[in-house]
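The structure appears right after this line, and notes come after that.
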Amino acid sequence: MPRGPRERLGVCVARCAVSASLIASSTMALADGTFTLRSAAFHEGQSVPPAQRFNRDGCTGGNVSPPLSWQHAPPNTASFAIMMHDPDAPGRGWWHWAVANIPATVHSLPANASASGALTRLGALQARNDFSDEGYGGPCPPPGKRHRYVITIYALNAPLTRLVANRPAPFFEHEILGAAIAKASLTLTDQR
């Protein structure tokens, strides 16, 4: 027997609610609340400290990658990756840092891990950021509006064997997102 518009709408609402519930469940699995990222240099929502700002193009920071620590990764984590992205930059945003193949046994990075060679000694690979440098390039927004800088740690289900160092960050992003099983983020802001 054909259903009227209201009955069809009721069935759609019920199905949509089930679909939304399934989507929320899968999102929760990726963004597990127990997996956390912290830094001794700043807290969520704070301004970028001078040490982490870029040191060229009119910016006078230290360009030091931040100290980071994370905990409660899923037990099946095979490696970690880190990305730092400015979603407020025009177009696809601005890539400040992408690192892959941090061993699963590592749960922190010291300040300046990018330039000091600490990541290389761990066997990790760093992408080329949008300043065209390999490794970390700190925030340096154009004068005007405040920008957000999202630092995300990803727990991966495997090491990323197809990546090589100094490839553009979007290549790293593609591989990282394909292997991510959990993530945790910190967001900073900066303005000139």
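Some notes on this structure:
- Arg192 falls short on exactly one of the conditions (1) in a helix (DSSP H, G or I); (2) touching a Gly at 6+ places or on another chain (Cβ under 8 Å), and that condition is (1).
- Some residue of the range 67-81 being surrounded by fewer than 20 Cβ atoms within 10 Å (Cβ to Cβ), touching a Lys or Arg at 6+ places or on another chain (Cβ under 6 Å), among the polar types (S, T, N, Q) and more than 19 Å from Pro168 (Cβ to Cβ): yes
- If only residues of the range 35-66 that are within 14 Å of Leu109 (Cβ to Cβ) and open to solvent by 30 Å² or more (accessible area, probe 1.4 Å) are counted, the one that is nearest to the chain's Cα centre (by Cα) is Arg38.
The values are calculated or read from the model by the stated rules, or taken from the named source; none is laboratory data. Being a predicted model, the structure only gives us computed values, none of them experimental. Quick reminder, even Gly has a Cβ in these numbers, built from the backbone with ideal geometry, and neighbours come from all protein chains shown. Surface areas here come from the heavy atoms of the whole protein model, side chains and all, with no ligands, DNA or RNA. Shrake-Rupley method; radii C 1.70, N 1.55, O 1.52, S 1.80 Å.
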